[in-house]
Ligand code: SF4
Ligand code: SF4
């Protein structure tokens, strides 16, 4: 039975990536990792994937006018509500929304839609097993579509490798990419930090999980930076009848480990290590529980 664990934070800067990389080490094989933060991927800094396959991601289409066929009738320009067709009947690639209307109104069949390479996705191998990751091109939209692609490919890879678990590094926020990273997941783990913004972002991302009926559990990273807020987060989690997984203390060794391209677990003992090990054992218990409820 394969499970998909999505790790979210609701916002950047919570230390989620270092936790995920540590979990990947602790999982000890039979794991596929998927980095779904396609706008600003950073898991590769710690897992250092060796790319085995690189694929283009076609995220959209743009209109293209064949000026040899074009009679300059102006119909396409009149109908384009995005004013993407200039007086010289060339298409402004930044303005074109790819709606395709100009193709239909052109009496000369001079317009066609061309694929746009909006980014790339990769199949790689890391010291913790296979990994699927991606990078969206600068200024490109459709990150939700690319996230769906990364998830689909990670499932294919997990089936092929007979892996038990896919661990998904989810994007920040609560928008379309987060929804794409959550859909059909077995469970979400939300990493938060003890601050007012951490608390608000946690509530927002919990609402998304609830809406999509994804079981969610919560942990606080660097909890001792504000123990009052840590307690408030813990209380909120329990009020909402969710599992509170635990807390990880602030540890300057986490940054030192990252600078060396290592996880906290690999770098050696420090205040954060015990907390992370404890979190992982709680997560494993929840994953085992998912198996239990389905059998
Ligand atoms: S595809 Fe749509 S947005 Fe693009 S040029 Fe044609 S009508 Fe305008
Ligand atoms: S509708 Fe077709 S023929 Fe007319 S200006 Fe546009 S591309 Fe040219």
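The values are calculated or read from the model by the stated rules, or taken from the named source; none is laboratory data. Here the structure is a predicted model, which means the values were calculated and not measured. A quick note on method: Cβ atoms are made from the backbone with ideal geometry, for glycine too, and the neighbour counts reach across all protein chains shown.
Overview of values
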quantity: All positions within the range 18-56 that are buried (at least 22 other Cβ atoms within 10 Å of the Cβ) and farther than 16 Å from residue 266 by Cβ; calculated: 32, 34, 35, 36, 37, 38
quantity: Restricting the range 98-125 to residues that are within 10 Å of ligand 1 (Cβ to nearest atom) and part of a loop (DSSP other than H, G, I, E, B), the residue that is surrounded by the fewest Cβ atoms within 10 Å (Cβ to Cβ); calculated: 100
quantity: From the options 95, 24, 34, residue that is part of a strand (DSSP E or B) and either within 16 Å of ligand 2 (Cβ to nearest atom) or touching a helix residue (DSSP H, G or I) at 6+ places or on another chain (Cβ under 7 Å) (or both); calculated: 34
quantity: Check on residue 89, within 30 Å of residue 134 (Cα to Cα) and in a loop (DSSP other than H, G, I, E, B); calculated: no
quantity: Flag for residue 137 being closer than 23 Å to residue 57 by Cβ, within 13 Å of ligand 1 (Cβ to nearest atom) and touching a strand residue (DSSP E or B) at 6+ places or on another chain (Cβ under 7 Å); calculated: no
quantity: Of the criteria (1) under 26 Å from the mean Cα position of the chain (by Cα); (2) assigned to a loop (DSSP other than H, G, I, E, B); (3) more than 11 Å from ligand 1 (Cβ to nearest atom), which one residue 58 fails; calculated: (2)
quantity: In the range 67-81, residue nearest to residue 141 (Cα to Cα) [restricted to those that are surrounded by 13 or more Cβ atoms within 10 Å (Cβ to Cβ) and within 8 Å of ligand 1 (Cβ to nearest atom)]; calculated: 80
quantity: Top-ranked residue of the range 66-83 - restricted to ones that are over 40 Å from the mean Cα position of the chain (by Cα) and over 12 Å from residue 105 (Cβ atoms), ranked as farthest from ligand 2 (Cβ to nearest atom); calculated: 68
quantity: Inter-residue pairs, beta-carbon under 7 Å, first in the same structural domain as residue 111 (by TED's automatic domain parsing) and in the range 69-96, second more than 9 Å from ligand 2 (Cβ to nearest atom) and in a helix (DSSP H, G or I), 6+ apart; calculated: 79/101; 80/101
